[in-house]
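Written below as structure tokens is the structure these notes are about.
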Amino acid sequence: MTRETYIEHNLISKLEDLKYVYRTDIRDRDSLEKNFREKFEQLNRVNLSDAEFARLLDEIITPDVFSASKKLREKHTFIREDNTPLNYTLVDIKDWCKNDFEVINQLRINTKNSHQRFDVILLINGVPIVQIELKDAISSTRKAMEQIVDYKNEPGNGYNNTLLCFMQLFIVSNQSNTYYFAN
């Protein structure tokens, strides 16, 4: 086990102590979207058809950081296949204990132009909200911050066209120094 893997597992263990559910089965875009669908349907007490879910993803995923953050906080309406409206939310702001808190690690998001791997991500109701990049004590946190910026600047990156568009906070730590910055 590498030093960074050890640090990662220690962090995940601490998050589990805080009642985050560690999801070892979420490692790629498909499993991330499947989990989001389950959490969305549970939170909003609805069952979506495959076509409705695909359309929902098309409607909510955006490269605009401000629009994505607004979608997290507000209620929205989605028109179902039978033309009935579905009023939904992504995160329950009023009754936070109704949300599901999960932690995943080593997520790979491969898009047409990029192949990115993320150390640790915190999910609320299946929505990626916080990305944590971990380095060993001798590694530069600056390098990890540059990696995040490089990932965001890659053409066709996962931040623009996947559920990662909802990322609100980036945390970088090498156990000696920890930095965070907003998306």
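The values are calculated or read from the model by the stated rules, or taken from the named source; none is laboratory data. None of these values were measured; they are calculated from a predicted model. In this analysis, Cβ positions are derived from the backbone assuming ideal geometry, glycine residues included, and neighbour counts consider all displayed protein chains. Ligands, DNA and RNA are excluded from the accessible area calculation, which covers all protein heavy atoms including side chains. Shrake-Rupley method; radii C 1.70, N 1.55, O 1.52, S 1.80 Å.
A few notes on this one:
- Sparse-neighbour loop sites [GluC sites (Glu not before Pro); region 60-134; at most 16 other C-beta within 10 Å; DSSP]: Glu74, Glu81
- In nm, spacing of pseudo-spin labels at Phe181 and Leu169 (7 Å Cα→C-beta vector): 1.7
- Region 130-175, accessible surface, carbon-and-sulfur percent (1.4 angstrom probe): 52
- The antiparallel fraction among DSSP beta bridges confined to region 7-125 stands at about 80%.
- Estimated 222 nm signal from helices in the chain, with DSSP H stretches of n ≥ 4 weighted -39500 (n - 2.57), rounded to 500: -11500 deg cm²/dmol
- Of the trypsin sites (Lys or Arg not before Pro) found in region 1-96, those that fall in a DSSP loop while having at most 12 other beta-carbon atoms within 10 Å are Lys19, Arg45, Lys75, Lys94.
- Per residue accessible area of region 1-132, 1.4 Å probe, in Å²: 56
- The alpha carbon centroids of region 48-66 and region 161-183 are separated by 23 Å.
- Here the relative contact order of region 1-113, from alpha carbon pairs under 8 Å that lie six or more residues apart, stands at 37 percent.
- Selection from Phe181, Tyr151, Trp96, by position along the positive dipole direction of region 82-183 (Cβ): Tyr151
- The chain, dipole about Cα centre (Lys/Arg Cβ +1, Asp/Glu Cβ -1), debye to the nearest 20: 320
- A straight chain from Lys94 to His76 at 0.36 nm per residue would run longer than the Cα-Cα distance by 5.0 nm.
- Just checking the listed ones, Pro128, Pro63, Pro85: in the Gaussian network model of the chain with Cα springs under 10 Å, the one fluctuating most is Pro85.
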